[in-house]
Amino acid sequence: MRMRLNPFNTGNINVRSSGGGGVPGGKAGGLGCGTIVIAALGYFVFGLDPMQTAGMVESVQQGQQQSGPANTDEQAICTSSAYAREACNGLDSLNQTWAATFEQQGFGDQFQQPTLDLYGGGGVNTGCGAGNSSMGPFYCPADQTIYIDTSFYDTLERQLGAGGDFARYYVLAHEYGHHIQTITGISQQIRSAQQQNPSRRNQLQVLMELQADCYAGVWAGKNRNLIEPGDIEEGMNAAAAIGDDRLTGGRVSKENFTHGTSQQRSQALRLGLQGDDRACDRITNIG
Ligand SMILES: [Zn+2]
């Protein structure tokens with residue numbers, strides 16, 4: 001299935017590429033329609049968010065970091081591979097959809113675009129500490145940047161052998177959801193609640209993740225005209241495949257879930273697909 005997104009508008013998106021790889025590599029080509037299920041990898045797909053793994057991020061070996069100036073040549077980055085082009089198109093669409101949503105609700109001046117760092121070379125310095133490709137895609141609130149190692153897409157293709165472009169857009173839209181949570185102040189509220197209730201830390205983290213899934217659905221729901229019927233199924237499969245219950249095979253007790261069960265994640269996406277972000281807001285309404 002192909003989502004028919006418009007090509008990104010030059011100068012409308014914030015992209016860069018850090019790390020040792022310079023311009024991101026990665027094979028061109030798409031994934032066909034099909035199932036998307038690989039538990040362990042799927043877990044990385046939706047990332048270990050910095051908020052959740054701050055300690056882990058900081059403990060990353062210095063040697064894995066790669067520094068050097070980031071490449072900010074939008075054309076070079078966005079045309080370096082089919083995946084990069086797709087990510088740039090997705091980012092532009094997400095920016096437009098969310099800017100309009102904020103505008104419609106009277107919060108236009110609150111909206112800020114995130115940066116997308118399509119880093120290469122395995123390691124990257126972020127505003128949240130050192131990151132590396134084993135962490136999967138993640139969002140750093142401190143520098144409002146979504147980090148995706150482009151080799152991740154290769155792994156996704158090689159190991160999954162299937163998935164469809166909507167699954168990849170969904171990954172980006174989920175991380176973008178964390179950006180929305182940051183600029184609306186929801187992240188900060190959850191963080192405070194976690195500090196006040198350490199025993200509910202994981203439970204609150206699950207709500208954050210489910211809301212990001214829901215926001216991903218909102219973006220898709222507001223762009224339904226660009227989506228083919230099978231796309232939504234791909235997203236639903238992806239959401240279901242990466243629930244904590246499936247991934248851990250029942251070995252981890254429910255209190256230790258950090259991303260929600262398969263059923264919860266599918267439900268969150270479905271809720272978002274109705275196209276009203278205010279329905280997602282209720283997910284973290286813990287007051
Ligand atoms: Zn997340």
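Every number here is computed from the coordinates shown, using simple stated rules; none is lab data. Keep in mind that what you see is a predicted model, and the values were worked out from it rather than measured. Cβ coordinates were reconstructed from backbone atoms using ideal geometry, including for glycine residues, and neighbour counts include every protein chain displayed.
Please compute the length gained on full extension between Glu233 and Ala279, using 0.36 nm multiplied by the number of residues separating them and subtracting their Cα-Cα distance.
14.5 nm
Stretched out fully, how many nm does the piece from Ala76 to Arg191 gain, at 0.36 nm a residue minus the Cα gap?
37.7 nm
Take each of the peptides 220-232, 170-182, 127-139, average the number of other beta-carbon atoms within 10 Å over its residues, and list them starting from the highest.
With the highest mean Cβ count within 10 Å placed first, the list reads 170-182, 127-139, 220-232.
For the stretch 200-205, what does the Karplus curve 6.51 cos²θ - 1.76 cosθ + 1.60, with θ = phi - 60°, yield as ³J(HN,Hα) per residue in whole Hz, taken in order and with x for Gly and Pro?
For the stretch 200-205, the Karplus-derived couplings read 9, 3, 5, 4, 5, 4 Hz, x marking Gly and Pro.
Just to check I understand the Karplus step: with θ = phi - 60° and J = 6.51 cos²θ - 1.76 cosθ + 1.60, what whole-Hz values come out for the stretch 111-128, glycine and proline as x?
Using θ = phi - 60°, the values come out as 6, 9, 6, x, 9, 10, 9, 8, 7, x, x, x, x, 7, 8, 10, x, 10 Hz.
Students often check this: by mean Cβ neighbours within 10 Å, which of 79-85, 98-104 ranks highest, and how do the rest follow?
79-85, 98-104
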